[in-house]
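Notes follow the structure.
The values are calculated or read from the model by the stated rules, or taken from the named source; none is laboratory data. All figures in this text were calculated on a predicted structure; none of them were measured in a lab. So basically every Cβ, Gly included, is an ideal-geometry build from the backbone, and we count neighbours across all protein chains shown. For accessibility, only protein heavy atoms count, side chains too; no ligands or nucleic acids. Shrake-Rupley method; radii C 1.70, N 1.55, O 1.52, S 1.80 Å.
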Amino acid sequence: MNKHLLTLHDWSSEEILDTLELAKQLKEEQKAGITHHHLKGKTLGMIFSKSSTRTRVSFEVGMYQLGGSALFLSANDIQLGRGESIYDTANVLSRFVDGIMIRTFKQSDVEDLAKYGSIPIINGLTDLVHPCQILADFQTVIEKKGKLKGLKMAFIGDGNNVAHSLLYGCAKVGMDIAVASPKGYECDAEVVKNAIEDAKATGAKITITNSPEEAIKDADAVYADTWVSMGQESDKEEKVKIFMPYQINKELFSLAKPDAIFLHCLPAYRGYEVTEDVIDGPNSVIFDEAENRLHAQKAVMVKLMK
Ligand code: CP
Ligand code: NVA
């Protein structure tokens, strides 16, 4: 098993699928009231340089349910925010806690934490990727559709961290993925290249387009994210104009398969990336998806920290 979760590109297909299997088991046990204290006495440090509702609460509750505890460390309140190096932070925290979940801007900071520390590092979102989110998304797709391989995922919007992790994840599990973004907002070329390379082993078809209609056609799962990711707020007005043709409304959604599910990592902005009738409609599974953050991340922590 990989020591860290830095990106899904680093994980093998087996590691992803085994973790999803464990997530399913942990969810069933939790619903049945069966305690599973796999991480009794262990502590997770949670460093946040950006806001969070789901990630923060699901990791903290997850750690508690696994018999351990979690420490919320706002980057502004620890010395990291005042310029202490990643090297020193990694070495010091490795003496106190058994794993670190970090949400920050630069992917290289997460990689450095893993390089210099001696404990597992879990990426809780960077500007580049959001791997934990995609594990929860996959758990949700399996619950609703019974499988991943052979299905089609459509991501409509900014070629951002969530889109990147979907590309990496889908390539690894053999799910076709089409990403439609406006010109100038496409996914990172390096990520696309890596995903295409990974997809050769699983047969997943990867499509990158500027056409939302092409991407969504016959999709089994349709995915939206905010047009304005954390840290990009200054571009908001311009982006809204550029992204409006990429709004997932009833008309666009009707091009997907009739039983397509609607996914959104949340937080959502109704009337922008998605209309109310879609996100609050019968095909939306957003709250199951949010709940699965808990189960999927518990599985990640057990795999990496036990
Ligand atoms: N989806 C997600 O990561 O949500 P938070 O920003 O609330 O953690
Ligand atoms: N792309 C969004 C995801 C939030 C969970 C952001 O980075 O803000």
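Does Asp98 fit the bill of being in contact with a Gly (Cβ under 9 Å, 6 or more places away or on another chain), open to solvent by 20 Å² or more (accessible area, probe 1.4 Å) and away from ligand 2 (no atom under 16 Å from the Cβ)?
Numbers: in contact with a Gly (Cβ under 9 Å, 6 or more places away or on another chain): yes; open to solvent by 20 Å² or more (accessible area, probe 1.4 Å): yes; away from ligand 2 (no atom under 16 Å from the Cβ): yes.
In short, yes.
Just checking, which of Ser51, Ser58 is surrounded by fewer than 14 Cβ atoms within 10 Å (Cβ to Cβ), within 16 Å of ligand 1 (Cβ to nearest atom), under 21 Å from the mean Cα position of the chain (by Cα) and touching a residue at least 24 places away in the same chain (Cβ under 8 Å)?
Numbers: Ser58 fails: surrounded by fewer than 14 Cβ atoms within 10 Å (Cβ to Cβ).
Every option except Ser51 fails the conditions.
Does Phe72 count as of a type in the set (Phe, Trp, Tyr), within 16 Å of ligand 2 (Cβ to nearest atom) and within 24 Å of the chain's Cα centre (by Cα)?
On the way: of a type in the set (Phe, Trp, Tyr): yes; within 16 Å of ligand 2 (Cβ to nearest atom): no; within 24 Å of the chain's Cα centre (by Cα): yes.
The answer is no for Phe72.
Hey, which of the helices (runs of 4 or more DSSP H) in segment 163-256, taking only ones fully inside, have at least 2 residues that are acidic (Asp, Glu)? Walk me through how you get there before you give the answer.
On the way: elements: 189-202, 212-216, 236-243, 250-253.
The helices (runs of 4 or more DSSP H) meeting that bar are 189-202, 212-216, 236-243.
Of the conditions (1) open to solvent by 60 Å² or more (accessible area, probe 1.4 Å); (2) at pLDDT 95 or above, Asn76 clears all except one; give me its number.
It is condition (2) that Asn76 fails.
Give the residues of segment 262-281 that are within 29 Å of Gly33 (Cα to Cα) and either in contact with a Leu (Cβ under 7 Å, 6 or more places away or on another chain) or in a loop (DSSP other than H, G, I, E, B) (or both), sorted by residue number. Give the derivation first.
Within segment 262-281, the first condition is being within 29 Å of Gly33 (Cα to Cα), and the residues that meet it are 263-266.
Residues satisfying the conditions are Cys265, Leu266.
Among (1) open to solvent by 30 Å² or more (accessible area, probe 1.4 Å); (2) modelled with pLDDT of 95 or more, which single condition is Asn2 missing?
In the conditions (1) open to solvent by 30 Å² or more (accessible area, probe 1.4 Å); (2) modelled with pLDDT of 95 or more, Asn2 misses (2) alone.
For segment 121-152, what are the residues that are among the aliphatic types (A, V, I, L, M), away from ligand 2 (no atom under 16 Å from the Cβ) and more than 15 Å from Ala299 (Cβ to Cβ)? Don't jump to the end; show me each part of the working.
Residues of segment 121-152 that are among the aliphatic types (A, V, I, L, M), as a first pass: 121-122, 125, 128-129, 134-136, 141-142, 148, 151.
Narrowing the set further to residues that are away from ligand 2 (no atom under 16 Å from the Cβ) leaves 121, 141-142, 148, 151.
Correct list: Ile121, Val141, Leu148, Leu151.
Which is open to solvent by 80 Å² or more (accessible area, probe 1.4 Å) and basic (Lys, Arg), of Lys42, Lys115?
Values: Lys42 fails: open to solvent by 80 Å² or more (accessible area, probe 1.4 Å).
After ruling out the rest, the residue left standing is Lys115.
Could you tell me whether any residue of segment 226-246 is of a type in the set (A, V, I, L, M, F, W, C), touching a Leu at 6+ places or on another chain (Cβ under 6 Å) and surrounded by 14 or more Cβ atoms within 10 Å (Cβ to Cβ)? Working first, answer last.
First pass over segment 226-246, keeping only residues of a type in the set (A, V, I, L, M, F, W, C): 227-228, 230, 240, 242-244.
With touching a Leu at 6+ places or on another chain (Cβ under 6 Å) added as a condition, the list becomes none.
No, every residue in segment 226-246 fails to be of a type in the set (A, V, I, L, M, F, W, C), touching a Leu at 6+ places or on another chain (Cβ under 6 Å) and surrounded by 14 or more Cβ atoms within 10 Å (Cβ to Cβ).
Looking at segment 264-300, which of its residues are open to solvent by less than 10 Å² (accessible area, probe 1.4 Å), within 16 Å of ligand 1 (Cβ to nearest atom) and over 26 Å from Glu238 (Cβ atoms)?
Listed by number, the residues that qualify are Ile286, Glu289, Asn292, Arg293, His295, Ala296, Gln297, Lys298, Val300.
Considering only residues of segment 165-192 that are out of contact with any strand residue (DSSP E or B) (no Cβ under 9 Å at 6 or more places or on another chain) and without any contact (Cβ under 8 Å) to a residue 60 or more places away in the chain, which is surrounded by the most Cβ atoms within 10 Å (Cβ to Cβ)?
Within segment 165-192, the match that is surrounded by the most Cβ atoms within 10 Å (Cβ to Cβ) is Tyr185.
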